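Chemist: Just dropping this structure here.
The values are calculated or read from the model by the stated rules, or taken from the named source; none is laboratory data. Here the structure is a predicted model, which is why all the values come from computation and not from measurement. Note: ideal-geometry Cβ built from the backbone for every residue, glycine included; neighbour counts use all protein chains shown.
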Amino acid sequence: MRITVIGTGYVGLVVGACLAETGNDVTCADVDAGKITGLKQNVLPIYEPGLEEYVARNQAAGRLNFTTDVAAAIATAEVIFIAVGTPPDEDGSADLKHVLAVAEQIGRHATQEVVVVTKSTVPVGTAEKVAEAIRPHARVPFHMCSNPEFLKEGAALDDFMKPDRVVVGVSTPFARQRMEELYAPFVRTGKPIIFMDIPSAEMTKYAANAMLATRISFMNEIANLCERVGANVDLVRKGIGSDSRIGPAFLFPGPGYGGSCFPKDVKALLKTSEERGAPMRVLRAVEEANERQKQRLFEKVQALLGPGLRGATVAMWGLAFKANTDDMRESPSLTLIDALLAAGAKVVAHDPAAMHEAERRLGNRITFARSSYEAAAGADVLVIVTDWNEYRFPDFARLKSVLRHPRVVDGRNLYDAEKLAGMGFTYRSVGRGRE
């Protein structure tokens, strides 16, 4: 099938590469000439494990192409995925100007009957707005479809190639038949393609992210209470996670959620609920709890160092909002850095993938280290912000020898408190009893 993906950000690249991997002829189009030039040379604008290999392999095979000629890419397509950005507007709503601009181009340049798929995360009613933007210019039949993505950064290829389910909102039998054919290779093991009306598909994406954000904020608040009452959140998590009605996923406490999806989608859903007269009070509390949680690591450092925080050197392991990505959007690390610098501390940081992005965002406000141990050298305290694998089992004897003071604030509960205490560390974690 001839596929065009408009937008070469995180979602567009993964969609394009994975559809090419199953034999489709895929063109990824973007107006950013620099990005397209890099992609043609297999230089990706994002870090996602395995994606570079997919892009290189499918370009070499001739199944994947990159272009800035959006009109030509539209003209050849049987299915068009709209995967451009939908950043939050000032009022929290999703900004649809890029989506609707693409829609108008589709109307002007489509040359054959085509299925138009909204892949970007968009509010309920967006597909209809896209159709309205296409309709005045359309010379051929088009069929609307909503196909929300459920990709976890750091595991996006597996999520696309082996999905739990594929959600597809369709407006016509033609669109259903095309999408069923397109996704058949990904559901051979029996996982479902769930067809539904378009508004329900659009809502499903927001509902899923809102539920996961709720679980994270709930467990973070449970962790904070555990510290007050002397309970261990790790044991509480195991106790409730073994309940089949709850399950173990997204129950790990930490410094709060970040990234490109949860913060933006929670805000957009709250905005929609207010506009439609159905305010989501639980979700509002989830957002407020997350903003408070992002302050917890600073509070722990402040409690540990006291007046000595001013002029102290704080080592940070992890800058990305989660492991296996270079995405720093809404990352708890940014909140921590701002608070530490405002308190007069110096920050030295390391991250396996996000250093370039951090340098772009932060410039010379902090110092960047080439390795985790270099970051810790001479520091008054080490803070674990992101749970990268390489931070899980450090050489603690070496770590103790390079720190000025053997203090660790573990924002991801990676380490055994008794072990570190036995080695002479002052250790703080999240929700593991009174500290």
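Chemist: Confirm whether Glu390 is under 24 Å from the mean Cα position of the chain (by Cα), at pLDDT 95 or above, surrounded by fewer than 17 Cβ atoms within 10 Å (Cβ to Cβ) and within 22 Å of Lys294 (Cβ to Cβ).
Modeler: No: the conditions fail for Glu390.
Chemist: Across region 140-172, which residue is surrounded by the fewest Cβ atoms within 10 Å (Cβ to Cβ) among those that are farther than 18 Å from Ala184 by Cβ and polar (S, T, N, Q)?
Modeler: Among them, the one singled out is Thr172.
Chemist: Taking region 328-367 on its own, how many of its residues are closer than 30 Å to Glu52 by Cα and either out of contact with any Ser or Thr (no Cβ under 6 Å at 6 or more places or on another chain) or outside the structural domain of Leu304 (by TED's automatic domain parsing) (or both)?
Modeler: So the count comes out to 23.
Chemist: Being within 16 Å of Ile6 (Cβ to Cβ) and in a loop (DSSP other than H, G, I, E, B) is the filter here, so list the residues in region 96-121 that pass it.
Modeler: Leu96, Ala110, Thr111, Lys119, Ser120, Thr121
Chemist: Still on this structure, please answer the following. Please work out which one of (1) in contact with a strand residue (DSSP E or B) (Cβ under 8 Å, 6 or more places away or on another chain); (2) over 18 Å from Lys162 (Cα atoms); (3) crowded, with 17+ Cβ neighbours inside 10 Å is the condition Met196 fails and give its number.
Modeler: Among (1) in contact with a strand residue (DSSP E or B) (Cβ under 8 Å, 6 or more places away or on another chain); (2) over 18 Å from Lys162 (Cα atoms); (3) crowded, with 17+ Cβ neighbours inside 10 Å, Met196 violates only (3).
Chemist: In addition: Evaluate the following for Glu52: is it buried (at least 19 other Cβ atoms within 10 Å of the Cβ), assigned by TED's automatic domain parsing to the domain that holds Ile106 and within 23 Å of Ala353 (Cα to Cα)?
Modeler: Against the criterion (buried (at least 19 other Cβ atoms within 10 Å of the Cβ), assigned by TED's automatic domain parsing to the domain that holds Ile106 and within 23 Å of Ala353 (Cα to Cα)), Glu52 does not qualify.
Chemist: Just one of the numbered conditions (1) out of contact with any Cys (no Cβ under 6 Å at 6 or more places or on another chain); (2) surrounded by 24 or more Cβ atoms within 10 Å (Cβ to Cβ) is not true of Gly16; which one?
Modeler: All conditions pass for Gly16, except number (1).
Chemist: With the checklist (1) modelled with pLDDT of 95 or more; (2) closer than 28 Å to Val282 by Cβ in hand, flag the one item Gly154 doesn't pass.
Modeler: Looking at each condition in turn, Gly154 falls short on (1).
Chemist: Among the residues of region 122-162, which ones are in contact with a Lys or Arg (Cβ under 6 Å, 6 or more places away or on another chain) and either assigned to a helix (DSSP H, G or I) or not assigned by TED's automatic domain parsing to the domain that holds Arg178 (or both)?
Modeler: Across region 122-162, the qualifying residues are His137, Asp159.
Chemist: One residue is enough: does region 288-310 have a residue meeting the conditions within 16 Å of the chain's Cα centre (by Cα) and under 23 Å from Ser93 (Cβ atoms)?
Modeler: Taking every residue of region 288-310 in turn, at least one turns out to be within 16 Å of the chain's Cα centre (by Cα) and under 23 Å from Ser93 (Cβ atoms).
Chemist: Could I ask something else about it? Sort out for me the helices (runs of 4 or more DSSP H) sitting completely within region 349-429 that have 1 or more residues that are farther than 24 Å from Ser331 by Cβ.
Modeler: Result: 396-402, 417-422.
Chemist: Next up: For region 359-377, check the following and say yes or no: at least one residue is touching an Asp or Glu at 6+ places or on another chain (Cβ under 7 Å) and of a type in the set (A, V, I, L, M).
Modeler: No, that holds for no residue.
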